[in-house]
Amino acid sequence: MGLPKKQVLVIGGGVAGATTALDLAEQGVAVHLVERDDFLGGRAAQLACKALDSCLKCNGCLAEPRLAALTSHPLITLHRASTVANLTGFDGGYQAVIDTRPAYIDAERCTACGLCLEACPEVEAGAIRAPRLAAEAPRLAIDETACLYFKDGQSTVCRDVCPEEAIDFGRQGDSQTLDFAAVVLATGFTPYDPTPASRLGYGLFPDVITAMELEEMLRTQGRAVRPSDGEAAGKVAFVQCVGSRDVNGNNYCSRVCCGYALRLGRALAARQQAEVAVFYMDLQSFGHAVDEFLEAAAGELRLVRSMPYDIHQPPEGSVMLDYQPSPGAPPTSEPFDLVVLSVGLAPNPDNPALAQMAGLDLNRHGFLAPGKQGVFLAGTAQRPMDVAEAVASAGRAAQGALTYLAEMQP
Amino acid sequence: MSARVGVFLCQGGRSQADSLEFKKLRWTAEAFDQGRVFTVAHTCQAQGAAAVARLIKEHELTSAVVGACPLLHNPGGLSRALSAEGLDPQMATVLDLCAKPEGEASGVCAVAPGAQAALSQALCGEQFKQELPLEDLAVATSVLVVGEGLPALWAARGLLKAGYHPVLLTPSQRLAPPALLLGTEAVDEAAALAKELEEAEGVTLIRQGRLLGLGGGAGNFTATIADRAGEIRSLSVGGVIVAQAPPKALNLPPQGLAAGERVVSLEELASLLQAPEHLKKRLGQGPYTVALGVGLGRQAAPLDLIGAMNCARKLAAGPQNRVVLFTNNAKVAGDDLEALTQQVRGEGVVFVKFTTGGLRGDETHEGVELQWDEEILGATMADHFDLLALDQAPAPTPAYHELAHRLGLSVGRDGYLQPEAVNALPAKSRRAGVWLVGPARGQGDLERWADEVQEALYGVRRLLAQGTVRVESSRVMVDRKRCTICLTCVRVCPEGAMDRLFRRPMSNPLACTGCGTCAAECPMEAIQIVGQEDSRYSGEIAAAAGRVGDLGQAVERRLLVLACANSASPALHAARLQGAALPSGLRLVQVPCAGKVDADMVLEGLQRGFDGVLILSCHPDACYSLTGSTWANMRAGHLGNLLAETGLEPERLMLSGVAPSQSKEVLAVIKKALATLDQLGPSPLKVGAQVREVLTRYTLDMDDTFSIVG
């Protein structure tokens, strides 16, 4: 086996992976970027703009141009719908096996007419999906886990309706083995899943959603509605620290939830005149002009230092939130149109497998810890951070990889 | 060599080539005398894109305009096809010229409404495309680092490692002054790093230095520095990394307390704890009762809480000492801080958190008498403490303001140097080639600061490379005959890209992003951006207006949208990809930044018969060229007043902020603008525009006739 070519493998196509890949490619380094999902963008592509007349500095739009640039850089090879099945180190480099799932929709033929989307009975479950980013191509993809064909072997309505005959369930995946001089893990976080905590009512009541779902709702529909009846939400509660600062769960602060909840709240208050309450323990915002920001938030929102102990929704009624308004006060029950759970940033469930493959350790919370030569970390794979911090950490990963490549023997 | 432009028209999956609309599109293309017209099937797909790339190569074209379907078009695919042929992936402009007619089966394409105007508009833009020669610029490979403490030291070492020459300018004598993190690994790291840099070759240390000026621009700054002895020297540096924290003062609670013998900073307490004899001297023999306050006035940061907890743990370890930590919001948003807080509580430190009210009290000879409202018990508490130690908040001194001024920056409302613009995150400043990291930017923690330093080092690598940078020569042309050296351009440039050479403004190609704010603001109209000349936009607006005689054009000439290429254009593109149709009566002209939109463009639109003009910019503070949208806002406000003076309704000029992800909102904004125009009715300038146009055409036709006869 010869010396590895000086190309870098970036795992993860969110804002951190995209930034690292672009930073490397702009310095003339060839990059292969592997994204598990059918489309690029990761979590940052789910975030909505929260600007009032002027920007509220959620930093979400830092992702947009970086992700768009990723799709057209000549030095970046994109592997969508792909995973790194194996990563073996050899002298001065890594060999990666990249498995790509079959593309059942032929991107060359598909004209994104949308007939398959209309015909698919499981479109709600995500059997056929479209990307979030405008710059993305292909425009449509079939998800095996939700598609009925892969359960019964005979639901072929999308294939039958496609005028371009672009859909073929018989297509095979692909596996290729490539050599890399360095590897960057930008595998991101997973939003905390509040389903197990039944007192929060998530999954039980339609009008209890997570903040990630609200972001997506604002991004795609432009306003916050009650899922139960599709009406604009006039009274909204945010519940902080869901899945964070919990001695029995994730015993750390997720750092970004106060910031996003206050901004989402201010956006809803200004754009749809919603009455917004935020239930919190400590406001964690820090950084730029934070006093001014919190003062403005306190003027526009009701900030309640109390954690609701029960959330329930009677049939055909509003969600009820039970809480103690202040220490010593009697408990109260208040109705809301929409309850938003500010879910924390949990480690990616793949982290143990990734760590083992790349020869890394996990920290005590299950995030990836640095330490292996030639392996660099970017973004929320390491710890909770906001978009700007993820971009900075991607810069650090690129800078580290470039220095490492320069020091390598030619 | 003159430009050879290829115009590629998509004839669709099934033939649309016979339709009248397509023929008109073809005629428009053929009328363009610098180009050649091709018809390709499915330009939006890989095969079609490959065919386009092949034809460009075969015919040695220098640029291309490619018509494609907005529903499908895949700019990534086209740029990849171009790179595969060894061509510049940026050479092709993709235009949304096709549409899928409502109710038609897939694969049946048609010419989009308004395609003809869009194409002639694009071809007008093509005439202004100009490739500028590349030049190799020599840049300085010394980099000035301003500051002390870990972030500054990280930056200096990183520069040294990457082969640059760091010049470290520290405000005090020490490279690593004692910090809050006393007794932690970070302090040892800073001390070791300071030693390493003191001994390293290739580092210039200027202790207790003062920056007197920073002239020049990115790549070639001249830093004028006075050292401790007052000796002044000039250094040539390629970039500057600023890591200097603002001076700080006690973060006092709002009522009653002041700094004193027994009301001190956490930093002072930390240094007292380092030397027990000093503590004894100050407070007498123990045991001690100590109050710590974090974030009682202004909001604190996780780093302040870490410092307080370090002090608290040391004190709590002493026999019979009593420690109470007062705070409003326990800022635990840092690595393992939540767990540390729980541990510290377990070690006997009492936490008191306020929602309302706060800490009050008086300093006495023996200590401080403090009162606070205990929320759970609902009672006012009072207690005696030997000492109250508080965190610190920025309190910029005139010297810090001066440093900011010398750097070409300003101190923000929160006392740090970070600019308001989101797109300056994570490490940029308002001046290209100057990075702001760590405690100069704002509150943070060590992880964030370390990432910011590395991000800045990446920026240095990109700017300075190995000392020579290949770059396109400047696009900003200053007409010396018109320029009165008022230096408005120097003041308004969002990137600080306007240098002064022999007192005259001159753009630095290493810093200029081509946003055009300088050209729009220049009161003498002395500045033109190559490729974005004023004449280009007047031409494009004229082309967008179309001709009165063309069926339906006059109806569509209602709203001229001047759309920022970074925010509004991607949002509109996304909207069309999602299948949304743009309202009729709308014409789009893309500008590099809303900062480029000047009065002439707006007036041109109104004169050409548009009923109104809508400028779509980034939201203020979210502008991709940092302050372009701010200038656009100010200009639009001013221009609205002028319109009102002429008797025209100022509402005909509208401006709105849009983010690239707001594909729903951008349509709502446009619909609202059209509704406003409905209310206002047709512009009084409309008829005049039509009359003028017909007359012009008539005389032009006469000229043509004469030339044929002649």
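Derivation of every value follows stated rules applied to the coordinates shown; laboratory data play no part. Quick caveat, the model's predicted, so the values are computed rather than measured. Cβ sites come from the backbone with ideal geometry, for glycine too, and all protein chains shown count toward neighbours.
Side notes on the structure shown:
- Point-charge dipole on Cβ atoms (K/R +1, D/E -1) for the range B:578-634, about Cα centre, debye to 20: 140 debye
- For a label point 7 Å along the Cα-to-beta-carbon line of B:PHE502, residues of the range B:508-528 with backbone N under 18 Å: B:508
- Label-point gap, in nm, between B:ARG282 and B:LEU487 - each point 7 angstrom along Cα→Cβ: 4.7 nm
- Global form of the range A:346-410, assessed from the alpha-carbon gyration tensor, a/c cut-off 1.5: oblate
- Theoretical FRET efficiency, 1/(1+(r/R0)^6), r = Cβ-Cβ of B:ALA599 and B:LEU695, R0 22 Å, to 0.05: 0.30
- For the protein assembly as shown, size of Cβ-based charge dipole, Lys and Arg +1, Asp and Glu -1, in debye: 1960 debye
- The residue list B:ASN310, B:VAL40, B:GLN173 was ranked by how far each Cα lies along the charge dipole of chain B toward its positive end, using unit charges on Cβ atoms, and B:VAL40 comes out on top.
- At least 27 Å along the helix axis (C-alpha) and Kyte average at least -1.0, DSSP helices within chain A: A:387-407
- Between helix B:302-317 and chain B: long-axis angle, C-alpha atoms, 0 to 90°, nearest 10: 20 degrees
- Label point distance in nm, B:HIS59-A:ALA270, each placed 7 Å from Cα along Cα→Cβ: 4.9 nm
- C-alpha long axis of helix B:663-680 to longest principal axis of chain B, angle in °: 60 degrees
- Seen from A:ALA289, the other residues with C-beta closer than 9 Å to its C-beta sum to a net charge of -2, counting Lys and Arg as +1 and Asp and Glu as -1.
- Angle between chain B longest axis and helix B:337-346 axis [Cα atoms, degrees, rounded to 10]: 20 degrees
- Shape of the range A:108-168, Cα gyration tensor, a/c cut at 1.5: oblate
- Taking 0.36 nm per residue of separation and subtracting the Cα-Cα distance, full extension of the segment from B:ILE376 to B:LEU20 would add 120.2 nm.
- Prolate/oblate/rounded call for the range B:249-394, Cα gyration tensor, a/c under 1.5 rounded: rounded
- Annotation: amide H-H contacts under 5 Å for B:GLY496 (H modelled 1.01 Å from N, sequence separation of 5 or more, or interchain): B:ALA432.
- Amide H partners (placed H, <5 Å) of B:VAL352, local residues excluded: B:LEU325, B:PHE326, B:THR327
- A simple spin-label model places the labels of A:ALA298 and A:GLU407 4.8 nm from each other, with each point 7 Å out along Cα-to-Cβ.
- Net charge over other residues, Cβ less than 12 angstrom from the Cβ of A:ALA135 (K, R count +1; D, E count -1): +1
- Average beta carbon contacts from partner chains per residue of B:441-453, 10 Å cutoff: 5
- Estimated vicinal HN-Hα couplings, Hz - the range B:426-441 in sequence order (Karplus 6.51, -1.76, 1.60; Gly, Pro = x): x, 9, 6, 10, 6, 10, 4, x, 10, 9, 10, 10, x, x, 7, 7
- Working note: Karplus 6.51/-1.76/1.60 with θ = phi - 60° gives the range B:386-401 the couplings 6, 7, 10, 10, 10, 6, 10, 10, x, 9, x, 8, x, 5, 6, 4 Hz, where Gly and Pro are set to x.
- Other residues lying with their Cβ under 12 Å from the Cβ of B:TRP631 contribute a combined charge of +1, Lys and Arg counting +1, Asp and Glu -1.
- Per-residue Cβ neighbour counts within 10 Å put B:SER663, A:SER244 in the sequence B:SER663, A:SER244, beginning with the fewest.
- Sites B:GLN578 and B:LYS248 - FRET efficiency at Förster radius 56 Å, r taken between beta-carbons, to 0.05: 0.65
- Taking amide H as placed 1.01 Å from N in the peptide plane, B:VAL561 has its amide H under 5 Å from the amide H of B:ARG587, B:LEU588, B:VAL589, B:LEU614, each at least 5 places away in sequence or on another chain.
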